[in-house]
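*Asks:* Here's a structure for you.
Readers should treat all values here as calculations from the given coordinates under stated rules, not as data from a laboratory. Not measured: the values here are computed from a predicted model. Heads up, the Cβs are rebuilt from the backbone with ideal geometry, glycines too, and the neighbour counts pull from every protein chain shown.
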Amino acid sequence: MTETCIISKTNYNYLYWNMAQQIAHHTITGCNLRTGDLLASGTISGPDKDSRGSMLEIAWGGKEPITLPNGEKRTFLEDGDVITLKGFCKGEGYKIGFGNCIGEIHPSL
């Protein structure tokens, strides 16, 4: 079992389009939004290697393996890996997050 480690840390500030622009892009051709619709930014990648937003980017398409704390080298996620996504926004006087989003990689059928 591999120990827990942080693979990437990135920031919403690195998005090419902010959420208002994404909503405009989404709705400009007549696609409606309704109360309760959920929008997501997709992968957020920063300018540095440790702020790349996906394993594909982090390992540069499999060409640059990362080394886990136990010495194991990886280029992609593997069956049995447990991934935890965490996120929050903060401003002056507040910090709000969505809690942990945890998933386990299972073999394909």
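*Asks:* Being among the hydrophobic types (A, V, I, L, M, F, W, C), surrounded by 11 or more Cβ atoms within 10 Å (Cβ to Cβ) and in a loop (DSSP other than H, G, I, E, B) is the filter here, so list the residues in the stretch 66-109 that pass it.
*Replies:* 68, 76, 77, 105
*Asks:* Looking only at the stretch 7-32, which residues are farther than 27 Å from residue 55 by Cα and not in a helix (DSSP H, G or I)?
*Replies:* Passing the criteria: 28, 29, 30, 31, 32.
*Asks:* Here's a follow-up. Taking the stretch 13-67 on its own, how many of its residues are under 19 Å from residue 87 (Cα atoms) and among the hydroxyl-bearing types (Ser, Thr, Tyr)?
*Replies:* Within the stretch 13-67, residues that are under 19 Å from residue 87 (Cα atoms) and among the hydroxyl-bearing types (Ser, Thr, Tyr) number 7.
*Asks:* Looking at (1) under 14 Å from the mean Cα position of the chain (by Cα); (2) not in a helix (DSSP H, G or I), which is the only condition residue 36 fails?
*Replies:* Failing condition for residue 36: (1).
*Asks:* On the given criteria, is residue 12 without any contact (Cβ under 8 Å) to a residue 40 or more places away in the chain, among the hydroxyl-bearing types (Ser, Thr, Tyr) and either closer than 27 Å to residue 109 by Cα or out of contact with any Leu (no Cβ under 6 Å at 6 or more places or on another chain) (or both)?
*Replies:* Answer is no for this residue.
Per-residue answers, yes or no, for (1) among the acidic types (Asp, Glu); (2) surrounded by 10 or more Cβ atoms within 10 Å (Cβ to Cβ); (3) out of contact with any helix residue (DSSP H, G or I) (no Cβ under 8 Å at 6 or more places or on another chain):
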residue: 24; (1), (2), (3): no, yes, yes
residue: 37; (1), (2), (3): yes, no, yes
residue: 52; (1), (2), (3): no, yes, no
residue: 60; (1), (2), (3): no, yes, yes
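*Asks:* Right, something else. Give me the pairs: first residue in the stretch 51-79 and polar (S, T, N, Q), second residue assigned to a loop (DSSP other than H, G, I, E, B) and surrounded by 11 or more Cβ atoms within 10 Å (Cβ to Cβ), beta-carbon distance under 6 Å, and six or more apart or on different chains, which are they?
*Replies:* Correct list of pairs: 51/10; 54/43; 70/2; 75/59; 75/65.
*Asks:* Would it be correct to say that residue 91 is farther than 17 Å from residue 3 by Cβ and of a type in the set (Gly, Ala, Ser)?
*Replies:* Yes; evaluated as a whole, the condition is true for this residue.
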